[in-house]
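The values are calculated or read from the model by the stated rules, or taken from the named source; none is laboratory data. All figures in this text were calculated on a predicted structure; none of them were measured in a lab. Counting neighbours? That spans all protein chains shown, and the Cβs are built from the backbone with ideal geometry, glycine included.
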Amino acid sequence: MSELQFIGKNHSRPDGPDKAAGKALYIHDLVRPGMLYGKIKFSEYAHAAIKHIDTSRAEKLPGVRAVITAYNTPEIRIGFIKDNFALKKDKVRQFRDEVAAVAAVDPETAAEAVDLIEVEYEELPGVFSPDEALRADAPLIHEFDSRGRPKKDNLVPVPWNFTAGDVEKAKQLSAVVVEDDFDTPLVQQSCMGTAGCIAEFDLMNNLLIHTKTQIPFLAQNDFNAALTAMGLKGRSTRVIVPAIGGSFGSGLDTHAYEYIAILLAYTTGKPVKIVFNRHEEFTALSPRQATRTHIIQGCDANGRLTFRDVRMVLDNGAYTSWGATTPSVMMLPISSIYRVPNVFYQTTIVYTNNTYCQAMRGYGNPQAAWAIESNMDQLAEKAGIDPYEFRMINANVPNETTPMGLNITTCGFSDCLQSVARELDWREKRGKGRSRARGVGMASLFHVGGAARVYRSDGTGVIMKLDDFGNVSISSGGIEMGQGFTAALTAATAEALGVSPDRVTVITGDTAICPWDVGTHASRGAFTACNAAILAADKARQKIFELAAEHFMARVSANLERRMKKQQGFQAPNLDAVGNPTASDFDLRQNFVFLKDRPDDPLLRVPLDELLREAHYRQQGTIIVTEAFYDPCHEMLDPKTCRGNISAAYVFGVQGAEVEVDEETGKVTVLKFAAAHDVGKVLNPQTLKGQIYGAIVQGLGYALCEEYKAHRGKNLNPNFLDYKILSAPDVDFPIHVECIETDDRQGPFGAKGVGEPGLVPTAPAIANAVYDAVGVRIKSLPITPEKVLAALRERKNKIAKEAEAAKGGSNVR
Amino acid sequence: MKKTIRFTLNGQAVAVKAESHQMLLEVLRDTLHLTGTKYGCGEGECGACTVLVDGASVDSCIYPVFEIEGRKVTTIEGLVGERNQLHPLQKSFVENGGIQCGFCTPGMIMSAKALLDQNPHPGPEEIRQGISGNLCRCTGYVQIVESIARVAEKESANE
């Protein structure tokens, strides 16, 4: 490939100016003529039978246009295994269950009407932890499965098991074995822009829905199913995605509120908007799952890992989202980070009366990394090996196939480890700051980097359209949600086609215009769409060069003639020597078509737009539109063995921190943070680093302060005062990010996906640093001052008791 | 009961009818259709709704609109000059990666403006304090702080 002009260089995001000016339109900013405002009545119990719903007072309120419940609307089943309903009938299973909804002329009237709806409940005993839910006498959350068969327990019927080698034998043969339990809490995506949609029907009963989603095409499929349930089989859905104020996985499922807006719009014949307020965003959307992990790992006398045994329990909450498939991604690091021959992994997902969970950035990987990377440090200590050296000994290498069948092609793992160790001054600092309560720690990550086949198709389509003015519009099924998708696709299109980036317009988020895409998740947006853009650009270039073979010389002659007329004394070169070039003789760069063997001759080039007009405005003229559908070369996991090369490439990364612990208060202060990520190839340094900085700070929130707190299923902190995400003054330490380029053959220009990895190893890196600083290991996130202080006290008491015992012992002697 | 409120909005005199319980944010967005100022929490905790009132940054979601009588309000739209000329802060956010999803951006820029108007040469610590009331979930603040620092540097260079 010739030298890259735009890839690898800083380019400001094309979506930047409108966002800076406050002109970007988010769902909150959209208004449709005649629009009504929808509002949902949520459950007042975690688990209760619905005895009666009285909507009469709400219906009489002036300005109310519709009041709906499960009793006056068709049943719409939703969710990954269809165990959820748009509106709940007979019973509620969590505090956020939707029991009724209204549409009114303004938000105030809608809110007033919701308060006038009276629901009579009969409270049922609830279960609020997997332990409670798994007891033999536990009340059933779902009496029947989605096919109507009676259920006997509270297990979610989505089991995940993986076995490689012989773990029991390896345990016997290991020189060192360490086991422990690690917990993670519920955490909320905390998008600055809350969720919302506007649903409306045309007179043919086709649905148009503007909604905040990461999966416009899977959502279209879900909404079409809802139309069928509503008796509108065969009617179509058009999904339009406005500007997104952050998503982080919250848009990976369709939500009850969207179906309720659809039902209200159909009932009233008007567009209906539902936008969550912050309280609803916290209480009625799905957070990241809480997990409990029991992990055992072992190594031989040389520090080589011999086995890994991981048993995990996930609190699913009351219904099942795509989040139930996060174990398929947890399985990646569990089976494959570091070279480990014997692996056992089992996940049990359990229904409770807690809020139901969903995927969040990292898709289960942060929970897995928390257990693995904390336990790696424990194992290294017991084996008497420095944790950095221990990781180096076991690091994956390029071109190996892991026990799960993952084909690791490029791998910059060791480079990442070295980078972080260097940046943290590891050899000077590790184990040497105890007297000042300072320490360093690190943790690693392994993730999909070449999309992920969690759905039957992992493809993405683009349509590339060139206009008469040499401008290019590329429509893609992917979504811009702040991650820099538009910037990446603009640069890739410009680079691959040979035009300048200012000629490129990216169009996303409209199922009627953009070709199919499985969704913007799995760090796959830039990887897949840029690959598709390269394919479409190749086709467009071929067409352009065919047109050039026909019209190029005529345009050159015409331009020379015009110049001779205008410029006295201008001598046109003799074109006979050029002959009749064919399509393969041309190239296109910087908006000019020229002859490959005469790239520097200014007289022998034609502006792209001129050539396009020449080809268009004539009898039997033509225009250039190309398309491409890119589906990566990977495979779905075998449902029985959970083996398969799920991604076309894999990424590695290491993060580390230097921390100081206040032994009086337990507060952990980050002094310095270092990250090194194997990214394949940097597409745009500015947007890439921005994404990693942001992920690190999200990861630090997970490490230090974020926790969705609930008491018997009821959320206690549905606001930013009580749910703490980091603010600018909290990030007062240097963050060093190094991007390791490994140039993956599958990646567009060599790039691998990097959207999620930046928050995966952050929390264990902090925990490992805290251990180095003060010798206490925190095993449940977040690492709050209370937990650190309690652990320090426990350690102090233990040491005192041991000293006392030693003293007592000596007295006896 | 509705009352007419008169104030200066982005340099122009305006009069709006509003109820006593209404907050400035609602009037800006719903009555005056200036949707650049964002609703993020409605409780004064996230800063997405930040505007300037007589030059000071305030959370417009908890600022009673009756309090605005006779004052000067500047919103993100008011920073854009003629022919869509972005304000140096807006330009710097675009050029230095200070924007990702963009939802916190208008409020963030308004807080930055209030800071620089008061203290044209803030250090990194002062910048972080100046935007401490504005939450961002995408950027980790690093490139936001850089975006503001660059403007401060340029202003110093021009003096």
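Filtered by the rule that a residue be of a type in the set (S, T, N, Q) and not in a loop (DSSP other than H, G, I, E, B), the range A:755-799 gives A:Thr762, A:Asn768, A:Ser780, A:Asn797. Take the conditions (1) within 14 Å of chain B (Cβ to nearest Cβ); (2) of a type in the set (Ser, Thr, Tyr); (3) assigned to a helix (DSSP H, G or I); A:Ser247 misses just one of them, which is (3).
Restricted to the range A:300-331, and to residues there that are assigned to a helix (DSSP H, G or I) and touching a helix residue (DSSP H, G or I) at 6+ places or on another chain (Cβ under 7 Å), the residue that is nearest to A:Glu179 (Cα to Cα) is A:Met330.
Quick check on B:Phe93: is it outside any loop (DSSP other than H, G, I, E, B), more than 7 Å from every other protein chain (Cβ to nearest Cβ) and touching a residue at least 12 places away in the same chain (Cβ under 8 Å)? Judged against the criteria, B:Phe93 is not a match.
In the range A:1-22, what residues are out of contact with any strand residue (DSSP E or B) (no Cβ under 9 Å at 6 or more places or on another chain) and at the interface with chain B (Cβ under 7 Å from one of its Cβ atoms)? Matches in the range A:1-22: A:Ser12, A:Arg13, A:Gly16, A:Pro17, A:Ala20, A:Ala21, A:Gly22.
If you go through the range B:28-63 and keep only what is surrounded by 18 or more Cβ atoms within 10 Å (Cβ to Cβ), in a helix (DSSP H, G or I) and within 12 Å of another protein chain (Cβ to nearest Cβ), you end up with B:Leu28, B:Arg29, B:Cys61.
Is at least one residue of the range B:71-88 touching a Cys at 6+ places or on another chain (Cβ under 6 Å) and either buried (at least 24 other Cβ atoms within 10 Å of the Cβ) or free of Cβ contacts under 8 Å to residues at least 24 places away in the same chain (or both)? For the range B:71-88, residues touching a Cys at 6+ places or on another chain (Cβ under 6 Å) and either buried (at least 24 other Cβ atoms within 10 Å of the Cβ) or free of Cβ contacts under 8 Å to residues at least 24 places away in the same chain (or both): absent. When A:Thr669, A:Thr687, A:Thr665, A:Thr742 are checked against the criterion of being within 16 Å of A:Pro782 (Cβ to Cβ) and either touching a strand residue (DSSP E or B) at 6+ places or on another chain (Cβ under 9 Å) or within 14 Å of another protein chain (Cβ to nearest Cβ) (or both), a single residue qualifies: A:Thr669.
Confirm whether B:Gly55 is touching a residue at least 12 places away in the same chain (Cβ under 8 Å) and either of a type outside the set (Val, Ile, Thr) or closer than 26 Å to A:Glu281 by Cβ (or both). So B:Gly55 passes the test. Return yes when B:Gln129 is over 25 Å from A:Tyr693 (Cβ atoms) and without any contact (Cβ under 8 Å) to a residue 60 or more places away in the chain and no when it is not. The answer is no for B:Gln129. Scanning the range A:499-534 for residues that are in a strand (DSSP E or B) and either under 18 Å from A:Leu588 (Cβ atoms) or of a type outside the set (A, V, I, L, M, F, W, C) (or both) yields A:Val504, A:Thr505, A:Thr508, A:Asp510, A:Asp517. Looking only at residues of the range B:105-136 that are within 9 Å of chain A (Cβ to nearest Cβ) and among the polar types (S, T, N, Q), we find that the one that is farthest from the chain's Cα centre (by Cα) is B:Gln129.
Looking at the range A:731-750 only, could you name the residues that are surrounded by fewer than 21 Cβ atoms within 10 Å (Cβ to Cβ) and assigned to a loop (DSSP other than H, G, I, E, B)? Scanning the range A:731-750 gives A:Asp732, A:Phe733, A:Pro734, A:Glu741, A:Asp743, A:Arg745. Take the conditions (1) farther than 21 Å from A:Pro74 by Cβ; (2) assigned to a helix (DSSP H, G or I); (3) polar (S, T, N, Q); A:Thr228 misses just one of them, which is (1).
What about A:Glu627, is it surrounded by fewer than 18 Cβ atoms within 10 Å (Cβ to Cβ), in contact (Cβ under 8 Å) with a residue 40 or more places away in the chain and assigned to a strand (DSSP E or B)?
yes
As for the range A:787-810, it holds no residue that is touching a Cys at 6+ places or on another chain (Cβ under 7 Å) and within 30 Å of A:Gln94 (Cβ to Cβ). Of the residues making up the range A:240-270, those that are farther than 20 Å from A:Gln188 by Cα, touching a helix residue (DSSP H, G or I) at 6+ places or on another chain (Cβ under 7 Å) and surrounded by 24 or more Cβ atoms within 10 Å (Cβ to Cβ) are A:Val241, A:Tyr259, A:Ile262. Within the range A:416-433, the set of residues being more than 15 Å from A:His736 (Cα to Cα) and either crowded, with 18+ Cβ neighbours inside 10 Å or at pLDDT below 95 (or both) comprises A:Arg430, A:Gly433.
Inspect the range A:660-678 for any residue being in contact with a Gly (Cβ under 8 Å, 6 or more places away or on another chain), part of a loop (DSSP other than H, G, I, E, B) and crowded, with 24+ Cβ neighbours inside 10 Å and give the result as yes or no. No, because not a single residue in the range A:660-678 is in contact with a Gly (Cβ under 8 Å, 6 or more places away or on another chain), part of a loop (DSSP other than H, G, I, E, B) and crowded, with 24+ Cβ neighbours inside 10 Å.
Taking every residue in the range A:550-562 that is of a type outside the set (A, V, I, L, M, F, W, C) and pairing it with any residue that is in a helix (DSSP H, G or I) and surrounded by 14 or more Cβ atoms within 10 Å (Cβ to Cβ), at least 6 positions away or on another chain, the pairs with Cβ-Cβ distances below 8 Å are A:Glu550/A:Ala615; A:His551/A:Leu611; A:His551/A:Glu614; A:His551/A:Ala615; A:Arg555/A:Glu610; A:Arg555/A:Leu611; A:Arg555/A:Glu614. Being modelled with pLDDT of 95 or more, closer than 30 Å to B:Val142 by Cβ and in the same structural domain as A:Gly755 (by TED's automatic domain parsing), is that true of even one residue in the range A:627-648? Yes, that holds for at least one residue. Of the helices (runs of 4 or more DSSP H) lying entirely inside the range A:341-446, those containing at least 1 residues that are more than 27 Å from A:Ile735 (Cβ to Cβ) and touching a helix residue (DSSP H, G or I) at 6+ places or on another chain (Cβ under 8 Å) span A:365-383. Of all residues in the range B:96-142, those satisfying the criterion of being assigned to a loop (DSSP other than H, G, I, E, B), among the hydroxyl-bearing types (Ser, Thr, Tyr) and surrounded by 24 or more Cβ atoms within 10 Å (Cβ to Cβ) are B:Thr139, B:Tyr141.
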